[in-house]
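**Q** Below are the structure tokens for one structure; questions will follow.
What follows is calculated from the coordinates using simple rules that are stated; it is not laboratory data. Predicted model, so just to flag it, every value in this text is computed and none were measured. So basically every Cβ, Gly included, is an ideal-geometry build from the backbone, and we count neighbours across all protein chains shown.
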Amino acid sequence: MTSTPPVPRPQPAAPAPQEHARPRPSSAAARFLSHERRVLESLIRWVTRRPHGVEGADAVFTHGRDQATTMYGLTFACVVETVALSYLLAGRPVIHTALLVVDVYTVLFVLGLHAASRTRPHVLAGPALRIRQGANIDIHLPLDRIASIRRETRFTHEKKDGELNLPVGSQTSITLQLAEPVDAPTFLGAPRLVTVIRLHADDPKALYDAVTRARTTPEPTPESAPQRHQRLGDHEVRVHRGLDHLAERVESPGQDRRPLVPARDCGHHGVQASDVAGAAGDECGGSVECGERERGGRRRTLPGRSGN
């Protein structure tokens, strides 16, 4: 009796590799709790006058001034509502206590929203601009991503794809056109690519000037420092040669000495140079600070001195 060899079972196909592995976003509840924590933290920072994220900043730009009247008015309305409900529900202690807690927290929350705008300003630090609004928006924008910046005051903003509007008091004053899309996540963490960002600052001119200056200022090249040292070193050699020539003339009594002019401080290079024709002066390059010389070995009359 012959046995048949076992037939190999087909292996399941391997799953196709994913091109982009998107990180799993955190839960909505966790993001809500994190936002509430930042709001209350901003309220404490506002009371203690400790701004957030301004350590090592080149410039700081606040943006919550124009909404202060609105936020204070809303806070006052919440306080009036709290007092009225406490009076009307005085005979029902359970409901009165529950609503009192909610109303007090609402007052603190409204103040915390304004405090977040006051304690989380826009920050220019190094090669990046940190754009923020309240306790929700926080974008690190590299300066090389900015194609153009312009001052543009707007009071109406239409929702469009690829545009992010961050109004304060219903207005924006700065428009950034980006060279390539930047991710600005939504409140729940969904990705959102934008190429235009409109924001507001209490002093838009200062923000515009600072960003423009940071984008246009060239970085120092590595060769600049060695070249500067070489230039100063060459000048030091010329000055020493002139001083050596002066010392040789002083030590030789048989030579005809030319009249000496008292030494002066060289304002250009920070060294002492004797104002002697044909010696240290000519070797110093003939600059005004080092003393220009007349040719032919004649002595030059210094300002304020007699030529006798």
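**Q** Using a simple spin-label model with points 7 Å from Cα along the Cα→Cβ vector, what separation in nm is obtained for R145 and Q171?
**A** Inter-label distance under the simple model: 2.8 nm.
**Q** For the range 86-153, state what percent of all Cα-Cα pairs lands in each successive 10 Å bin, counting from 0 Å until the bin that includes the largest distance.
**A** That works out to 17, 27, 21, 15, 11, 8, 1, in percent per bin.
**Q** Continuing with the same structure: To one decimal place, what Kirkwood hydrodynamic radius in Å is obtained for the range 84-207 from all pairs of distinct Cα atoms? Don't jump to the answer; show the numbers that get you there.
**A** On the way: mean 1/r = 0.0596 Å⁻¹.
About 16.8 Å for the range 84-207.
**Q** Treat each spin label as a single point 7 Å out from the Cα along the C-beta direction, and report the A179 to F109 distance in nm.
**A** 4.3 nm
**Q** Which value results when the Cα radius of gyration for the range 44-109 is divided by 2.2 N^0.38 Å? List each step's numbers first, then the result.
**A** Details: Rg = 17.5 Å, N = 66, 2.2 N^0.38 = 10.8 Å.
Scaled against compact globular proteins, the figure is 1.62.
**Q** Also, quick follow-up: According to the Cα gyration tensor, what semi-axes, each the square root of 5 times an eigenvalue, does the equivalent ellipsoid of the range 133-191 have, listed from largest to smallest in whole Å?
**A** Numbers: eigenvalues 62, 57, 24 Å².
The three semi-axes for the range 133-191 are 18, 17, 11 Å.
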